[in-house]
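One structure is given below, encoded as structure tokens.
The values are calculated or read from the model by the stated rules, or taken from the named source; none is laboratory data. Because the structure is predicted, anything quoted here is derived from the model rather than measured. Cβ placement follows ideal geometry from the backbone for every residue including glycine, while neighbour counts extend to all protein chains displayed.
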Amino acid sequence: MQQRKITFIGAGNMAHAIIAGLISAGYPANNITVCSPTTKNRDQLVKKYGIHGKSDNGDASKHADVIMLAVKPQIMETVCQSLKEQVNFANKLILTIAAGIPVKRYQQYLAPNINLVRVMPNTPSLVGQGVSGLYAMDSVSENDKTFATELMASVGKVFWLTNEAAINDIIAVTGSAPAYFFLFMELMQQEAERLGFDSKTARELVLYTAQGSAALAASKSDLSFATLREQVTSKGGTTAKALEQFYQANLSQIVTNAMRAAIRRAEEMEKQY
């Protein structure tokens, strides 16, 4: 992996996950700086990984080769303003994990000629099993794209998107998706408890079934999810009866509606910020 000086603006969970992934992959701690005005998370990261810690965004970013904007969309404009006043963005690669803020907005916040990659990770990145969708401005070099790929590969799988609108689509498919699975698991656990299993056992039954199902699907990559479902479903059996309830409730349309709602909200956020 290319050795560049990286500054993380923000010390939240996703910054923590990426820093942990980099260190685990052998990236030099001396090349990583985390910047946050609040000390708790920042100091924990500094102590745990031996990286640098700073409180001033501009000072932390002046000499960085790569700036990772890992703050909430609501404060992005303020953060960018603090950078704009002190940092020359020429030859710097900027990555942002904020949802709902398009490239054109960063050009207004920072400079028209920035080299920026939008990154949409999901929360399984916290355990190195994430999925990240990446979209780069035309000005971003292939070398910078390679670095961005290597950076996000430290926390999971990386998929490049050919147009910026696809960022909103991938939010629906992967960014928000862990919550879909967690909701389904939550409801299964609740029903298992109603059937008489204690809470701990019910949780483990659902969790291990989910893990096993995902592992089976991964091991059978040549088979569609539909085929895997069919292999579990005997005609007239218990699984078939259970699935009938999903079909009668029009689960397919519910999933479509949910994912399209996520996309619409992402589009609304683009107009908001």
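If we keep just the residues of segment 150-200 that are under 24 Å from Leu126 (Cβ atoms) and among the β-branched types (Val, Ile, Thr), which is surrounded by the most Cβ atoms within 10 Å (Cβ to Cβ)?
For segment 150-200, the residue satisfying everything is Val155.
Give me a count of the residues in segment 23-37 that are among the aliphatic types (A, V, I, L, M) and closer than 17 Å to Ile94 by Cβ.
Final tally of qualifying residues: 2.
Does Ile167 satisfy the criteria of being among the β-branched types (Val, Ile, Thr), under 30 Å from Gly26 (Cα atoms) and in contact with a helix residue (DSSP H, G or I) (Cβ under 6 Å, 6 or more places away or on another chain)?
So Ile167 does not fit the description; no.
Give the residues of segment 28-38 that are at pLDDT 95 or above and not polar (S, T, N, Q), sorted by residue number.
Pro28, Ala29, Ile32, Val34, Cys35
Please note which helices (runs of 4 or more DSSP H) are completely contained in segment 76-167 and include at least 1 residues that are touching a strand residue (DSSP E or B) at 6+ places or on another chain (Cβ under 8 Å) and over 19 Å from Val34 (Cα atoms).
103-109, 142-153
Output the number of residues of segment 201-224 satisfying the condition of being exposed (fewer than 10 other Cβ atoms within 10 Å of the Cβ) and either in contact with a strand residue (DSSP E or B) (Cβ under 9 Å, 6 or more places away or on another chain) or not aliphatic (A, V, I, L, M) (or both).
So the answer is 3.
Do the conditions hold for Ile51, that is, is it surrounded by 22 or more Cβ atoms within 10 Å (Cβ to Cβ), touching a strand residue (DSSP E or B) at 6+ places or on another chain (Cβ under 8 Å), of a type in the set (A, V, I, L, M, F, W, C) and in contact (Cβ under 8 Å) with a residue 40 or more places away in the chain?
The answer is no for Ile51.
Exactly one condition in (1) aliphatic (A, V, I, L, M); (2) in the same structural domain as Lys92 (by TED's automatic domain parsing); (3) under 20 Å from Gly128 (Cα atoms); (4) surrounded by fewer than 23 Cβ atoms within 10 Å (Cβ to Cβ) is not met by Met1; state its number.
Condition (2) is where Met1 drops out.
Of the conditions (1) within 18 Å of Glu270 (Cβ to Cβ); (2) not assigned by TED's automatic domain parsing to the domain that holds Gly130, Leu161 fails just one. Which one is it?
Unmet for Leu161, out of (1) within 18 Å of Glu270 (Cβ to Cβ); (2) not assigned by TED's automatic domain parsing to the domain that holds Gly130: (2).
Any chance you could count how many residues in segment 170-186 are within 13 Å of the chain's Cα centre (by Cα) and not small (Gly, Ala, Ser)?
5
Identify all residues within segment 172-189 that are without any contact (Cβ under 8 Å) to a residue 12 or more places away in the chain, of a type outside the set (Phe, Trp, Tyr) and over 20 Å from Ala240 (Cα atoms); write none if there are none.
Passing the criteria: Ala179, Leu183, Glu186.
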